[in-house]
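The values are calculated or read from the model by the stated rules, or taken from the named source; none is laboratory data. All values derive from a computational prediction rather than experimental measurement. All Cβ positions, even for glycine, are placed from backbone atoms using ideal geometry, and neighbour counts span all protein chains on display. These accessible areas exclude ligands, DNA and RNA; they are computed on the full protein's heavy atoms, side chains included. Shrake-Rupley method; radii C 1.70, N 1.55, O 1.52, S 1.80 Å.
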Amino acid sequence: MRDTHGEAGETVLALEDARLTLAGNAGPVEVLRGITLQVKRGESLALIGPSGSGKSSLLMLMGGLERATGGRVQALGHDLSAMGEDQLARFRRGNMGIVFQSFHLVPTMTALENVALPLELAGMRDAFERAEAELRAVGLGARLGHYPAQMSGGEQQRVALARAAAPRPAILLADEPTGNLDAANGAAIMDLLFGLRDRHGATLVLVTHAPDLAARCDRVVRLADGSVAGEDVRAGVPA
């Protein structure tokens, strides 16, 4: 597979007046109201804001899991709005790793099988070797043969992180990755998430309510009522 990580400073995610309107019981609901935003290669970006502000919906647009009803969403130079569902699935598989608050592991598969699955779908011959290496990297070398029900929440989220990182994605998207965890496990997952970003040179975008997690990012974008309400850039990081 060609290197899609590109050059430092390159824009890997670009939204231009992106809008999302969904059908509601009382009529159309404007979830996102014209978001214009760029994310550079290797950048870490936190999306924050009150519940219902559109954070997770914006992340879903970036990952092609929701389709914009207006404007444009581009990832690695590709217009996601112009892709069909099969194209989007292939594009995500090769270029994006996505981590959710609820781990979305396959309950009938072991940790090793869960991590190897997307690699096998991508046709990688070393799927299980790479999956084992990623699980060992997140501290689960002794849990390779365990099923999700045999693991704690923190361990399950580590499996989900390993699964997201194993294909070496250019873009890592995380939706409240510490939301279901206690403080100690949440801190460990934070360290692992930024470690994966550093190790693979990926761009990281995360939705969080945790101020300490947002503070570790290069940039923080605040959403309110489906719009960008403000932005903070960490000292020493070019805007």
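Set the Förster distance to 30 Å, then compute FRET efficiency between ALA224 and ASP79 from the Cβ-Cβ distance, nearest 0.05. Don't jump to the answer; show the numbers that get you there.
Values: r = 27 Å, r/R0 = 0.92.
Step by step, r from the Cβ atoms, then E = 0.65.
Run the dipole for segment 11-231 about the Cα centre, Lys and Arg Cβ at +1, Asp and Glu Cβ at -1, nothing else charged, and hand back the magnitude in debye, nearest 20.
Details: 22 positive and 24 negative charges, 62 e Å.
Result for segment 11-231 is approximately 300 debye, rounded to the nearest 20.
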Next item on the list: Quote the accessible area belonging to ASP232 in square angstrom, nearest 10, computed with a 1.4 Å probe and with ligands, DNA and RNA left uncounted.
Entry: 80 Å²
Note to self: Taking every pair of distinct Cα atoms and averaging 1/r, then inverting, what Kirkwood hydrodynamic radius in Å comes out for the chain?
What the structure shows: 18.2 Å
Notebook entry, point to check: How would you order 166-176, 58-68 from highest to lowest mean count of nearby Cβ atoms within 10 Å?
Noted result: 166-176, 58-68
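In whole percent, how big is the carbon plus sulfur part of the accessible area of segment 11-231, probe 1.4 Å, protein atoms only? Intermediate results must be reported in sequence, preceding the final value.
Details: 4610 of 9260 Å².
Using a 1.4 Å probe with all protein chains present, segment 11-231 comes out at 50 percent carbon and sulfur.
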Note to self: Keeping every protein chain present and rolling a 1.4 Å probe, give me the accessible area per residue for the chain in Å².
What the structure shows: 45 Å²
Item checked: Interchain or long-range residues, amide H under 5 Å from GLY97's placed H -> ILE171, LEU172, LEU173
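I need the peptides 143-152, 46-55 ranked by packing, meaning the mean over residues of other C-beta atoms within 10 angstrom, with the highest value on top.
46-55, 143-152
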Margin query: In 5 Å bins starting at zero, report the fraction of Cα pairs in segment 184-239 per bin as a rounded %.
Written below: 4, 16, 25, 26, 18, 9, 3, 0
Next item on the list: In nm, give the distance between the simple-model label positions of VAL233 and ARG90, each being 7 Å from the Cα along the Cα-to-Cβ direction.
Entry: 3.7 nm
